[in-house]
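Next up is a structure, given as structure tokens.
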Amino acid sequence: MLGARRSVPRLRAIKRQDYSSAGRRFVDIHTHLIPSGDDGVQTIGAAVDFCREASRRGTAILYATPHVNRELPLSPEREARVRAAHAAIAEQLDGEIDYRLGFELFPTEELLTEDPRRYQLDQLEAILVECPLPHQGAPGLATAIALAEHIESASLLPVLAHPERTETVLAEPRIALDLAERGWLLQITATSLLGVHGRDVERTAWRLLDAPTAVVASDGHRSDRPPFLDVAYAAVAAELGHERADALFRGETLLPPPTVEPGSRSA
Ligand SMILES: [Fe+2]
């Protein structure tokens, strides 16, 4: 056990009506569908095209979450470019999909001394924290956990991106489930569930779906890693049923509990 369960703030900003219209269901809180200098799409046109296709495939709310790391910090100049690109893409989409902005933070010591609020996911009291991948040369989750605690201390909720792809969790999935016990969200990547990143990652991804705070997102980058959720949804629905699949893909963990009007309950 890595830490005691804590109470974390409930997220308030996604309303049920935002995504519940027929055929448009998914909330994708992790994509690189914005030209930002990272390895995601490189043009506004490509971002618009992918967003339109994601909408056709059932995504209602999509977050563009550019990488923030030592090589690509969020300088004022980069932030201005990213925000301008976001505005231009949203204008072209014209409401076809709810296109929002956030960031994906690679855990570094520098971020531990910064106010995390500037990296917040638009309209959510949450921040996306990248769990290091094997090629990033940062084994272990110690800095990611420290950053998540830093985020929590600012009354925000950490969302751990693709824990199933990080070496520590691959070796011992219970570590991620213990972090979920703190109320932290586990963002499982759709392509992990489909076996794209290998059998070990696939097995671990399915195991982490047990966490009540699990949420599935695409981490879509470009044509070889597209931002679509429909195929993974079908796989999860076939295995776990539509009710659980809906909870995982429609952002149930991002939602406040349903309110019960006084007197509306039957005896
Ligand atoms: Fe990512």
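So which residues in the range 137-165 are in a loop (DSSP other than H, G, I, E, B) and either away from the ligand (no atom under 13 Å from the Cβ) or modelled with pLDDT under 95 (or both), if there are any at all? Step through it out loud before you land on a result.
Restricting attention to the range 137-165, the residues satisfying the condition of being in a loop (DSSP other than H, G, I, E, B) are 137-141, 154-156, 162.
Residues satisfying the conditions are G137, A138, P139, G140, L141, A154, S155, L156.
Then there is this: Applying the selection to the range 226-245, what residues are under 15 Å from D210 (Cα atoms) and in a loop (DSSP other than H, G, I, E, B)?
The one that is under 15 Å from D210 (Cα atoms) and in a loop (DSSP other than H, G, I, E, B): G241.
Output the residue which, of all residues in the range 103-130 that are in contact (Cβ under 8 Å) with a residue 40 or more places away in the chain and closer than 16 Å to V215 by Cα, is nearest to the chain's Cα centre (by Cα).
L128
Of all residues in the range 122-136 being within 13 Å of the ligand (Cβ to nearest atom) and part of a loop (DSSP other than H, G, I, E, B), which is nearest to L157 (Cα to Cα)?
Here the answer is C131.
Can you name the residue in the range 63-95 that is among the hydrophobic types (A, V, I, L, M, F, W, C) and touching a residue at least 40 places away in the same chain (Cβ under 8 Å) and, of all such residues, is nearest to the ligand (Cβ to nearest atom)? Step through it out loud before you land on a result.
Of the range 63-95, the ones among the hydrophobic types (A, V, I, L, M, F, W, C) are 64, 68, 72, 74, 80, 82, 84-85, 87-90, 93.
Now narrow it down to the ones that are touching a residue at least 40 places away in the same chain (Cβ under 8 Å): 68, 74, 82, 85, 88-89, 93.
Values: V68: 11, L74: 15, V82: 15, A85: 17, A88: 21, I89: 18, L93: 21 Å.
Ranking the qualifying residues of the range 63-95, first place goes to V68.
Quick one: which of R182, R222 is surrounded by fewer than 24 Cβ atoms within 10 Å (Cβ to Cβ) and away from the ligand (no atom under 15 Å from the Cβ)?
Details: R222 fails: away from the ligand (no atom under 15 Å from the Cβ).
Of the residues listed, the single one that is surrounded by fewer than 24 Cβ atoms within 10 Å (Cβ to Cβ) and away from the ligand (no atom under 15 Å from the Cβ) is R182.
Moving on to the next point. Right, S36: within 23 Å of V215 (Cβ to Cβ), without any contact (Cβ under 8 Å) to a residue 60 or more places away in the chain and within 14 Å of the ligand (Cβ to nearest atom) or not?
Numbers: within 23 Å of V215 (Cβ to Cβ): yes; without any contact (Cβ under 8 Å) to a residue 60 or more places away in the chain: yes; within 14 Å of the ligand (Cβ to nearest atom): yes.
It is true that S36 is within 23 Å of V215 (Cβ to Cβ), without any contact (Cβ under 8 Å) to a residue 60 or more places away in the chain and within 14 Å of the ligand (Cβ to nearest atom).
The values are calculated or read from the model by the stated rules, or taken from the named source; none is laboratory data. Just so we're clear, the structure is a prediction, and the values are computed from it rather than from any experiment. Glycine also receives a Cβ, built like all others from the backbone with ideal geometry; neighbour counts cover every protein chain displayed.
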